[in-house]
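K.L.:
One structure, pasted below without further comment.
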Amino acid sequence: MKNALRQEWWAPLAGLLALALLAFAVAIGVSDGEDNTTEERVVGVILSLAGAFALAAGLWKRPQARRLGNALIVVGCVLAAFWFWTVVLPVVAIIVIVGLVLSEKRSPSRLSAN
């Protein structure tokens, strides 16, 4: 995973976003649940875990399968941006997506190789 985080300047942010989504899933899971029903908590945990795993899998897969890795990273960022009221998660997700797009625009020769 260390090599996955060294791919581009935005990759460590994507890794931190995945960790934040994992922490968010744990926080939702262990909350007292007074504000939410059980179904809402389960959906929240599933969305957070799906985003974290999509980001981690995208970072891991990107060196071998660039398009698949990029798609997984974007899916993970969209799931992180779902939590817009947290303010930080969507901002970091937007930064990661912009960094991903810029890195792909900067190196079109890498796309033709895959």
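Just so you know, all these numbers are worked out from the coordinates, no wet-lab data involved. Predicted, not measured: the structure shown is a model, and the values here were computed from it. Every residue, glycine as well, gets a Cβ built from its backbone with ideal geometry; the counts of neighbours run over all protein chains shown.
K.L.:
Would you mind getting me the FRET efficiency between Glu40 and Val91? Use the beta-carbon distance for r and R0 = 22 Å, nearest 0.05.
P.N.:
It comes to 0.35.
K.L.:
(i) 20, 16, 13; (ii) 27, 15, 14; (iii) 29, 13, 11: which one is semi-axes √(5λ) of the Cα gyration tensor in Å as calculated from this entry?
P.N.:
(iii)
K.L.:
Using Cβ counts within 10 Å as a stand-in for footprinting exposure, how do Leu89, Leu16 rank, fewest first? It would help to have the intermediate numbers written out before the result.
P.N.:
Values: Leu89 22, Leu16 14.
Arranged by neighbour count, lowest to highest, Leu89, Leu16 become Leu16, Leu89.
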